[in-house]
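Written below as structure tokens is the structure these notes are about.
The values are calculated or read from the model by the stated rules, or taken from the named source; none is laboratory data. The shown structure was predicted, so the numbers you read here are calculated from the model rather than taken from an experiment. We place every Cβ from the backbone using ideal geometry, glycine too, and count neighbours over all the protein chains shown.
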Amino acid sequence: MGMGKRNQARVAEADEPRPSKSARKRHMTALQELGEALTLLSDRQLAAVPLDDERLSLAVREARRIRQHGAKRRHLQYIGKLMRDIDATPIAEAVDKLDSPPPGLHKLMLYWREESAGDAVSSGDAWED
């Protein structure tokens, strides 16, 4: 008795190593922190960052206007969600090259450097759902 296409896909996925839930959460938190760093940049600095996604660019500009803590937190989560669909490495590198980066950026840049080094070893497809 043969396996259906769905079962074959599940077996193929089971052979590929998946990152742990903790690793996925660290990655998502880092994306959200990078998004928060984008909201702290000046207009001149933000213009130097390659934000190709129009929705992300608009969300970053909107986040600057939000003052309420809960609303700002939810909006930063939204920015993190948008960043899952793009390659955030060029954005992180551009923010790292700025002359006066936002506070707390050093820790975030260390994370992205480690991620970039790990991508050289693996294909990087493990983050995709």
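I need the full set of residues from the stretch 38-63 which are modelled with pLDDT under 90 and more than 17 Å from E93 (Cα to Cα), in order please. Hit for the stretch 38-63 is D43, nothing else. Apart from one condition, V49 fits all of (1) outside any loop (DSSP other than H, G, I, E, B); (2) touching a Leu at 6+ places or on another chain (Cβ under 7 Å); (3) not small (G, A, S); the exception is (1). Scanning the stretch 73-89 turns up no residue that is within 17 Å of the chain's Cα centre (by Cα), on the phi > 0 side of the Ramachandran plot and at pLDDT below 90. The residue that is farthest from E36 (Cα to Cα), among those in the stretch 62-72 that are touching a helix residue (DSSP H, G or I) at 6+ places or on another chain (Cβ under 8 Å) and in a helix (DSSP H, G or I), is E62.
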